[in-house]
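What follows is a single structure, written as structure tokens, with notes after it.
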There are 4 protein chains.
Amino acid sequence: MAAVALARSGRTVSLSRAFPSTPSQENPRPAHHYMWRDVRPHDGGVAMDYLGVFYHGTATTHIDALCHVWDSNGMWDGKNPDDVIGFTGAKYGTVDAWSDGILTRGVLLDVPKHRGTPYVTMDTPVHGWELEEIAAQEGIEIQPGDAVLVYSGREAYALDNGGVWGGGPGRPGLHASCLPFIRSNDISILGWDMMDAAPNEYELPWTVHGAIFAYGVALVDNALLEPLAKACGEEQRYEFMLTINPLKVIGGTGSPVNPIAVF
Amino acid sequence: MAAVALARSGRTVSLSRAFPSTPSQENPRPAHHYMWRDVRPHDGGVAMDYLGVFYHGTATTHIDALCHVWDSNGMWDGKNPDDVIGFTGAKYGTVDAWSDGILTRGVLLDVPKHRGTPYVTMDTPVHGWELEEIAAQEGIEIQPGDAVLVYSGREAYALDNGGVWGGGPGRPGLHASCLPFIRSNDISILGWDMMDAAPNEYELPWTVHGAIFAYGVALVDNALLEPLAKACGEEQRYEFMLTINPLKVIGGTGSPVNPIAVF
Amino acid sequence: MAAVALARSGRTVSLSRAFPSTPSQENPRPAHHYMWRDVRPHDGGVAMDYLGVFYHGTATTHIDALCHVWDSNGMWDGKNPDDVIGFTGAKYGTVDAWSDGILTRGVLLDVPKHRGTPYVTMDTPVHGWELEEIAAQEGIEIQPGDAVLVYSGREAYALDNGGVWGGGPGRPGLHASCLPFIRSNDISILGWDMMDAAPNEYELPWTVHGAIFAYGVALVDNALLEPLAKACGEEQRYEFMLTINPLKVIGGTGSPVNPIAVF
Amino acid sequence: MAAVALARSGRTVSLSRAFPSTPSQENPRPAHHYMWRDVRPHDGGVAMDYLGVFYHGTATTHIDALCHVWDSNGMWDGKNPDDVIGFTGAKYGTVDAWSDGILTRGVLLDVPKHRGTPYVTMDTPVHGWELEEIAAQEGIEIQPGDAVLVYSGREAYALDNGGVWGGGPGRPGLHASCLPFIRSNDISILGWDMMDAAPNEYELPWTVHGAIFAYGVALVDNALLEPLAKACGEEQRYEFMLTINPLKVIGGTGSPVNPIAVF
């Protein structure tokens, strides 16, 4: 419970973007948010809403379960997608494995601060050696089981690029060289605002997303890390308690989540 | 951060039922869970799923925001539903007020254990004085801001009643006398497996659900408390750290959640 | 175009039930109908609605495509479901085969009128020989390509049975002996208000629904036939022009429809 | 039943685009099409699909009910949207008014053929006087109650414009001068592939869409008219029987449809 000891001040920061019901280039299948209002006896009333979301992709903050992607060698733990992926859910490596919640140490690696630039660009992907440097500079020794959050400045990038980071033919992000970083540090979760840089030069279907099937590492895609970067700067520490409470979807390939950092 | 000090052993317990995609009497509008599978270049593949849920009602574990219900005197904080409830979301008392997460002390009040019976019945609703007694017996002094979880034995009840607790003309649960208990103890959240007993004799549209608009207390409906009751018994303590991380739905009337208790 | 010649008076009758957004025993996965309202420049406005429906089952008036069901011998035309049913749609026998619309002669076989009873019951399923008798009594000679609509009095049955016909452990309807009737008359479409009687005594997964894979006959399930029976009685003829315009869903297993009879 | 007399050869043509489940600039809220497969006793099986669609906009072929849009003077027939538009549906001018189906004479006005150009452009909107000319050239005398379909060459336009016609800041289409044409000819339905040209110079929230609230004329948006234009050319007649069978959605603001022309 070393992670719990990091929760000292009670300051909490959400790592979630808003539930993405507005269409955009990076949100081509917007979430549904429909309202309903009804009357109840004795002049009472009730408002309810429907939430629907095809959460993978570049808009929703969500966690990827280990069954989410694979390559020609198969899924995580050597499974065959034809055996695992069914019409009513998946059968292995599903998000319900984490239904009891994820509570671990989170560490933020702040790339823009390290570089002295507002955001990562197409020409300057994030490399594994750079993440090592940032951790060292921040005074963080990454430990097995850590959730590592890589902040690349997505909001600032979007401000300069028509409001979006993803959804186009290419996108800035992490270089495949981050995979050895993930492996050698034995982290349990990778969270990021920008994801794998695209296109990649390796003729791989997935580069950093390969952490799922290669190492059994969960991803938190589309995390909102700008407020967390600000908080880390103010708190002068880049480690915190992190809780992720995925919805208990039996057979799910992931879940929309609202990860919370606690200082 | 007294709540954090309760997380000592690292044992975590989910208070969430499974995402409710199967129809039943108490789940008349089942959640959507649809799978999708696609190919990616270089022999890769991906599985994704759509989740859709009209989460209020008696099936989904969810948190109620303060705009969810009202009576003839209006909504929480005196608001008028005609001003607040719009087609694209609500404007006041919405779930996004809690986007930074809820982390507080949770206490479980175990009614069946206190009574020596497996579950609460239609004839024996839970009263406020009884909750005081249970807290005292458990050695719990309820404090302002606590999340109070009232376990009434829903799973055992369902086993004896065709697999369901709710959805019929009546249902066992908490008596309106629990409202003063909630108020005088100044709790912040009420979680429960059974909800307000129905019908009620007061010609009120809402009895215990009235905690929302009367006191500004959030509710966690359809919590799964049987495993928590077991854990509390084994741990020999009825208090723990509780985290609830609602989805960040702007203008939402609540959110499906997976509350996690940490011992 | 003999069917067109039947459209003489211009009287039209819908064979569709209302879009089924209200839960019931026979509608365990209700359709979604959510409203949305927004403003436009210069004080304009717009209202839009979302329609979502899992249309197979016992609530929605819909047409079944030939890929909808199968038995141990496979699908229509000998196809293997493992080859045909994919995550983004089916590949053979799909509803888009009928995208240019169905326009044919429709004939109504009015079972309650023939029997002098208000509706078919569990104990008295509709048999194939009875359908022959009804056609003869109505002066109808069934021709290849006809759409045959079998009215069994579902609305009257529901009035006497808690508001529902389907969704329980058993339901009245057509006996497996109707299959030879369908085959020997070479009809193209079978429409019905009640469907296959259940349970069946033949250890078959599908009885009359077997018309899909055995003969390549489309079904129109949950047709509303009471108004049509009334119109046929008033018009003193049991044949009419019928148009069914399925939605153009590529790879769909069917479509919600509103079949229209024209006298 | 003059319309029926136009159905002579039995050639049928669908005026519907494919159910639009693929995202694009003109389909920012794609329809849902999810598959489901399950087993049945005795080695049987079943495939079902969920269809969900927010059908207004520029992707789905659909009919607009009279409650769909309004301007500062209110809705069709002088109604106030605050009275009409509710959370569970609209109360006036709804699509269920047409549940018994629409069967009328359809006429196609082929603008590209008349102009000798492949499609209408931003600079050359379709004017009312031009529609009069086209009808005369085609030998069509427009009659009260006709469904007038204006073909502007959307598919050819899309081929030259990145695959889309709509969804951008402007779009080619019909000029506001078509409104008097609609009124003076007393047509009942306007169908079109391109819709109102945008932007418009009149500071109106809606130009040709104003036919809804100004005249009580239904619109069929996003009709697929290229195949119909081809058929009219081959058949050498621009009139045909048209059937539109909207889904019976109580309180709906319209419906996805598959209009069928019969020659």
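Some points to look at:
- Restricting C:Leu179, C:Leu149, C:Leu103 to those that are in contact with a strand residue (DSSP E or B) (Cβ under 9 Å, 6 or more places away or on another chain) and under 27 Å from C:Leu204 (Cα atoms) reduces the list to C:Leu149.
- For region B:146-154, the count of residues that are small (Gly, Ala, Ser), surrounded by fewer than 21 Cβ atoms within 10 Å (Cβ to Cβ) and at pLDDT 95 or above is zero.
- Under the condition of being more than 7 Å from chain A (Cβ to nearest Cβ) and open to solvent by less than 30 Å² (accessible area, probe 1.4 Å), the residues counted in region B:14-32 number 6.
- Output for region B:90-139, where each listed residue is buried (at least 22 other Cβ atoms within 10 Å of the Cβ), in a helix (DSSP H, G or I) and in contact with a Gly (Cβ under 8 Å, 6 or more places away or on another chain): B:Val95, B:Val111
- Residue match in region D:150-157 (condition: away from chain C (no Cβ under 14 Å) and among the acidic types (Asp, Glu)): yes
- Among residues of region A:38-55 that are in contact (Cβ under 8 Å) with a residue 12 or more places away in the chain and crowded, with 22+ Cβ neighbours inside 10 Å, those with a beta-carbon under 6 Å from a residue that is basic (Lys, Arg) and part of a strand (DSSP E or B) at least six positions away or on a different chain give the pairs A:Ala47/A:Arg37.
- Identity of the residue in region D:177-206, in a loop (DSSP other than H, G, I, E, B) and at pLDDT 95 or above, that ends up surrounded by the fewest Cβ atoms within 10 Å (Cβ to Cβ): D:Asp186
- Taken over region B:74-103, the residue count meeting the criterion of being within 9 Å of another protein chain (Cβ to nearest Cβ) and of a type outside the set (A, V, I, L, M) is 9.
- Summed over region C:227-263, the residues that are in a strand (DSSP E or B) and either in contact with a Cys (Cβ under 6 Å, 6 or more places away or on another chain) or more than 7 Å from chain D (Cβ to nearest Cβ) (or both) give a count of 8.
- Counting the residues of region A:29-66 that are over 26 Å from the mean Cα position of the chain (by Cα) and among the aromatic types (Phe, Trp, Tyr) gives 1.
- The sole residue among B:Asp221, B:Asp160 that is more than 9 Å from every other protein chain (Cβ to nearest Cβ), among the acidic types (Asp, Glu) and within 18 Å of the chain's Cα centre (by Cα) is B:Asp221.
- Picking from residues in region A:33-56 that are in a loop (DSSP other than H, G, I, E, B) and within 21 Å of A:Asn245 (Cβ to Cβ), the one that is farthest from the other protein chains (Cβ to nearest Cβ) is A:Tyr55.
- When region C:207-226 is filtered for residues that are open to solvent by less than 10 Å² (accessible area, probe 1.4 Å) and either part of a strand (DSSP E or B) or on the phi > 0 side of the Ramachandran plot (or both), the ones remaining, listed by number, are C:Ala218, C:Leu219, C:Val220, C:Asp221, C:Asn222.
- For region D:231-248, the condition of being in contact with a Gly (Cβ under 8 Å, 6 or more places away or on another chain), farther than 29 Å from D:Asn73 by Cα, open to solvent by less than 10 Å² (accessible area, probe 1.4 Å) and among the hydroxyl-bearing types (Ser, Thr, Tyr) holds for at least one residue.
- The single condition among (1) within 7 Å of another protein chain (Cβ to nearest Cβ); (2) farther than 24 Å from B:Leu51 by Cβ that C:Ile63 does not satisfy is (1).
The values are calculated or read from the model by the stated rules, or taken from the named source; none is laboratory data. Treat the numbers as computed from the prediction; the structure is a model and nothing was measured. Methodologically, a virtual Cβ is constructed for each residue, glycine included, from the backbone with ideal geometry; neighbour enumeration extends over all protein chains shown. Quick note on the areas: whole protein, heavy atoms, side chains included, nothing else; ligands and nucleic acids left out. Shrake-Rupley method; radii C 1.70, N 1.55, O 1.52, S 1.80 Å.
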